[in-house]
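A short write-up of the structure that comes next.
The values are calculated or read from the model by the stated rules, or taken from the named source; none is laboratory data. This one's a predicted model, so the numbers in the text were calculated from it and none came from an experiment. Note that each Cβ is placed from the backbone with ideal geometry, even for glycine, and that neighbours are counted across all protein chains shown.
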Amino acid sequence: MRSSRSIRFIVLLAVALLCFAPSHAQKTAEDSCSRVKYTIAGTGAVYAASMTGLYSLWYKDYPQSGFHFFNDNAEWLQMDKMGHLGSAYYLTNWSTGLFKWSGLNHKKAAWAGCASSMLFLTTVEVFDGFSSQWGFSTGDMVANAAGAGLSVFQELKWQEQRIKIKFSFSESQYAKYRPDQLGTSYVEHLFKDYNGQTYWLSGNIHSFLSPESKFPKWLNVAVGYGVDGLTGARANIPGTESFERGRQFYIAPDVDLTRIPVKGKFMKTVFETIGFIKFPAPAIEVNDKGLVKGHWLFF
């Protein structure tokens, strides 16, 4: 599935290393400069380590070629592009938070976070561009830029993320027909089976109201996108042609865990860590055939 696994690898590794930074620690003007240097050096180390590991794990054993482009925009009904969008968004968010901790103001931190995340993601595409099995995808880069841009725009305009990209997953029936592409275990299904994935734009309602509003601060409304019936990128493989390929669109309430008042850094960290997961809730589904379906609980 091209670089979707690679991007998730980078995000997981980068987040694991960046989370060592004590983002809630107190800082003074005296140590701000050293923190900026520490952050830049640490980010550079993460970049070097993750790119070296990525190349060794996924690219070294594949045939190399001259740099070339590959148009995959029609594959998987664009669900892979949603993965790029979400990966870029969260990598930018986490990088921005780290640069804030270093002492940069929100504007400089936002642009530094965007630059570092795009450096990570662009390098993956360059690796793809030199691999004969894949190629540099402009569609992936557009999705990466859109995800990073959504984070930067909100940081510059509101100094907070009022509209978040979220993710949910429920195992589909299709992975068993294409285990080489869709996975053989739950963890592989989670990353590789687009049929079970849903990506959401979750907007916080209270943040758009007056500060005096009594509307619950944690209650969001989310719109989602998913697909169904896919066993191949552009067309289904032989034996599964009867599965109808299609898109689904959803609307559902959601919970912003980061806006729930809790005491203690541990619970705050937990809520921030799992805040990208869409909260299970009733949902209305409309597919690309115009059929409407209700779900008492959708995840």
Quiz prompt | Qualifying residue in the range 171-190 (condition: within 14 Å of the chain's Cα centre (by Cα) and either of a type outside the set (V, I, T) or surrounded by fewer than 21 Cβ atoms within 10 Å (Cβ to Cβ) (or both)) | solution = yes
Self-check item: Given (1) surrounded by 15 or more Cβ atoms within 10 Å (Cβ to Cβ); (2) in contact (Cβ under 8 Å) with a residue 40 or more places away in the chain; (3) not polar (S, T, N, Q), index of the condition F208 fails
Solution: (1)
Quiz item: For the range 130-170, how many residues are closer than 29 Å to Y59 by Cβ and in contact with a Pro (Cβ under 8 Å, 6 or more places away or on another chain)?
Solution: 3
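Could you list, in sequence order, all residues of the range 195-217 that are of a type in the set (S, T, N, Q) and either within 17 Å of E160 (Cβ to Cβ) or in a strand (DSSP E or B) (or both)?
To start, the set of residues in the range 195-217 that are of a type in the set (S, T, N, Q) comprises 195, 197-198, 202, 204, 207, 210, 213.
The answer is Q197, T198, S202, N204, S207, S210, S213.
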Quiz prompt | Residue among Y59, Y89 that is within 30 Å of W158 (Cα to Cα), in contact with a strand residue (DSSP E or B) (Cβ under 8 Å, 6 or more places away or on another chain) and aromatic (F, W, Y) | solution = Y89
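Out of the residues in the range 48-79 that are in contact with a Lys or Arg (Cβ under 7 Å, 6 or more places away or on another chain) and not in a loop (DSSP other than H, G, I, E, B), which is farthest from K166 (Cα to Cα)?
Just the residues of the range 48-79 that are in contact with a Lys or Arg (Cβ under 7 Å, 6 or more places away or on another chain), to begin with: 72, 74-75, 77.
Remaining after also requiring not in a loop (DSSP other than H, G, I, E, B): 75, 77.
Working: E75: 22, L77: 19 Å.
Of everything passing the filter in the range 48-79, E75 is farthest from K166 (Cα to Cα).
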Self-check item: Positions within the range 109-168 being in a loop (DSSP other than H, G, I, E, B), farther than 25 Å from L219 by Cβ and not hydrophobic (A, V, I, L, M, F, W, C), in sequence order
Solution: S132, Q133, G135, S137
Practice problem: Name the one entry in F276, F271 that is aromatic (F, W, Y), at pLDDT 90 or above and closer than 20 Å to G86 by Cα. | Solution: F276
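Listed here are the residues, each with its yes/no results for (1) touching a helix residue (DSSP H, G or I) at 6+ places or on another chain (Cβ under 8 Å); (2) in a helix (DSSP H, G or I); (3) at pLDDT 90 or above.
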residue	(1), (2), (3)
D31	no, yes, no
S34	no, yes, no
Y38	yes, yes, no
V46	yes, yes, no
G83	yes, yes, yes
A88	yes, yes, yes
K100	yes, yes, yes
Exercise. Output the residue which, of all residues in the range 218-242 that are in contact with a Leu (Cβ under 8 Å, 6 or more places away or on another chain) and part of a loop (DSSP other than H, G, I, E, B), is surrounded by the fewest Cβ atoms within 10 Å (Cβ to Cβ).
Key: W218
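Could you list, in sequence order, the residues of the range 253-299 that are hydroxyl-bearing (S, T, Y) and more than 15 Å from K166 (Cα to Cα)? Walk me through how you get there before you give the answer.
Start the filter on the range 253-299 by keeping residues that are hydroxyl-bearing (S, T, Y), which leaves 258, 269, 273.
T269 - this is the single residue of the range 253-299 that is hydroxyl-bearing (S, T, Y) and more than 15 Å from K166 (Cα to Cα).
For every residue, the table says whether it meets (1) in the same structural domain as R178 (by TED's automatic domain parsing); (2) under 15 Å from Y177 (Cβ atoms); (3) not hydrophobic (A, V, I, L, M, F, W, C).
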site	(1), (2), (3)
S213	yes, no, yes
A222	yes, no, no
G232	yes, yes, yes
N236	yes, yes, yes
T258	yes, no, yes
K268	yes, no, yes
